[in-house]
Amino acid sequence: MSGREGGKKKPLKAPKKEQKDLDDDDLAFKDKQKAEAKAMKEAQAKAAGKGPMTGGGIKKSGKK
């Protein structure tokens, strides 16, 4: 067993993906996705500032 055989083998390099030509529908869809992601991130940041949401359900007492 030679010294270079041991260890993890490197994976083969994948060929580069071809650049697709995007039409107006694809561009509009990507813009819409970016806007939705931005709105979701803002909503998460806004919700993180508040305390935990406590439900108003039935509360159990410690007595049995």
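At-a-glance table
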{"read-out": "Checking Gly51 against (1) at pLDDT 75 or above; (2) part of a loop (DSSP other than H, G, I, E, B), the condition it does not meet", "value": "(1)"}
{"read-out": "Criterion (assigned to a loop (DSSP other than H, G, I, E, B), at pLDDT 85 or above and not small (Gly, Ala, Ser)) met by exactly one of Lys64, Lys9, Lys13", "value": "Lys13"}
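The values are calculated or read from the model by the stated rules, or taken from the named source; none is laboratory data. Not measured: the values here are computed from a predicted model.
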